[in-house]
1. Rounding to the nearest 20 debye, state how big the charge dipole of segment 7-67 is about its Cα centre with +1 on each Lys and Arg Cβ and -1 on each Asp and Glu Cβ.
2. For every other residue with a beta carbon closer than 12 angstrom to the beta carbon of residue 45, add +1 if it is Lys or Arg and -1 if Asp or Glu, then tell me the sum.
Amino acid sequence: MQPPPRKGNYAKFLKNLHAEQINKLNLKNHHECELLEDIKSFTIKRSALERTYAEELLKLTSQFLNKKAPNIPDIKLDGSEEKW
């Protein structure tokens, strides 16, 4: 077992350790902020795409809703004359 460091060296050691930990925390914070910005950008672009898609889908469905379906008579199977 090593003897405890002297008072002056121990304070210097703790100061360096503290500075190193602060630098690591700042770097981690920076990376997490960049990640959040990327997620924000992705979400904004995705919502714009989904909005455009929904608008185009609405146009398409309203076009087909305005069309009238032709009246098709029933097919009779009991030997009668009407097939269509």
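1. For this selection, approximately 300 debye.
2. Numbers: positive: 40, 46, 51; negative: 38, 50.
So the surrounding residues net to +1.
FYI, it's all coordinate maths here, none of it is from the lab. Remember, predicted model here, so these are calculated numbers, not experimental data. Note that each Cβ is placed from the backbone with ideal geometry, even for glycine, and that neighbours are counted across all protein chains shown.
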